[in-house]
Structure formats: structure tokens, C-alpha cells
Amino acid sequence: MFRRKTWLVVTVGAVVLLCGAAVLWWLPLAGQQRAERPVAELMKPGNPALPGPWSRSDTAADSSDSEGTRSWVGPDRAEIDQTIRRYASPVWSSWAFSRADPVSEHGEYFDAIVERRPPRPLTSAEQERFFCGQIHGRPGACDNWWVQLRYGQYVVNIQSIDVPSSDAGEIPPWLAEFVREADRSMAEGG
């Protein structure tokens, strides 16, 4: 009898602790829920502020409209991609955001992948990260960038591939403007 009561108390205690932990994990993010909009409406509308002709293509990853990608291809096969994913809640988008890692995904192609701080924070993103891929044989040069932004239940990934930028490793002005436009689009849509 005593053993059964002990087991019951331990089981109930474990359930209460797990429920409490789940609430504490979810509670800080509860106020970040954004209005649900079709992902295509949240995409940055214009072309990048870079010289040369840029062609644009849009793809929807699935029929539920919870993910979409807009790509621009420019001179010399330079490419810029913007992907927006809508998760079930800010909790899941926060978890996905924290798990994304350009170093493990692309690190073998670069001397280093370095996180950079933007000159000023974005107005409506809950989280933001900028990474620069420094090219083999060109230390300090950043021709590839990854930007990760989180807006409530949405995660926005912006990637530039072989887009020339300064060798200083600073966030290029065109990318900063591209991200600001994406931020405005998310603020208006969410």
C-alpha cells in the first residue's frame, strides 16, 4: 500500500513538473503570436538594390502556404534567396531558429563563418542573426551571407551566394537595405 502511494505521488509530481516546465517555456513567447497571412504576401516585393539585371522566381514549398521562397539571380550567377516559414507557434519558430546553424550546414566551403552584428537592430524582429562566409584563399572577404530573422511564429532566412561585397567583412549596404525592406514587409504583414 505504501509503495503504491509513493508511486502515485512521484507520478503526479512528475506530471506537475513537466506541465509547469512546458508553461514556463511557452509563456514568455505567448505574446509574440502574429496574424496569419499567406507567406507570398510577406515576401520582400522588389529587386535587390544592386547593379545589373536581376531575374526573380517564386516557389511555394507546399500547398498549405506555410513556406515559400523568392529567389533573385543576377550577373555572374550571383543569387539571393528569401525563405519564409510559418510554424504552429512562436515556441516552435524559436526552437527552429535556435537550431539553425550555417556553420554546420556550409562550414566546409569556407575558411570561417563569422557572426556579425547589424549596425542597428531591426524594428520588429524578435530575434536576428547575421553570418558571413569567408572564402578560401580570401580571408576577410564575405561574398556569402546568411541572415536569420524571427517574427513570432515566422522564421525568415535570407541567403546571398557569390554576391560581391567589401573585403572588410562588414554587412554590405545592399544587404542591410534588403533586410530592412524584409523587416518592413513582415511588420506590415504580421
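Throughout, read-outs are computed from the coordinates displayed, never taken from laboratory work. Treat the numbers as computed from the prediction; the structure is a model and nothing was measured. Neighbour counts are summed over all protein chains in view; Cβ atoms, including those assigned to glycine, are modelled from backbone coordinates with ideal geometry.
List of remarks:
- Likely footprinting exposure, Thr83, Thr11, fewest C-beta neighbours within 10 Å first: Thr11, Thr83
- Estimated FRET transfer efficiency (Glu67, Ala187; beta-carbon r; R0 30 Å; 0.05): 0.90
- Fewest-first ordering of Trp95, Trp146, Trp54, Trp7 by other beta carbons within 10 Å of each residue's beta carbon gives Trp7, Trp95, Trp54, Trp146.
- Ranked by how many other beta carbons lie within 10 Å on average, peptides 43-52, 117-126, 154-163 from highest: 154-163, 43-52, 117-126
- Likely footprinting exposure, Cys132, Cys142, fewest C-beta neighbours within 10 Å first: Cys132, Cys142
- For the range 33-189: relative contact order, % (alpha-carbon pairs under 8 angstrom, 6 or more apart): 25 percent
- Divide the volume of the convex hull around the Cα atoms of the range 36-190 by the residue count and you get 106 Å³ per residue.
- Computed about its Cα centre, the charge dipole of the range 33-189 is approximately 400 debye, with only Lys, Arg, Asp and Glu carrying charge at their Cβ.
- Inter-label distance, Arg116 to Val15: 5.3 nm, where each label sits 7 Å from its Cα along the C-beta direction.
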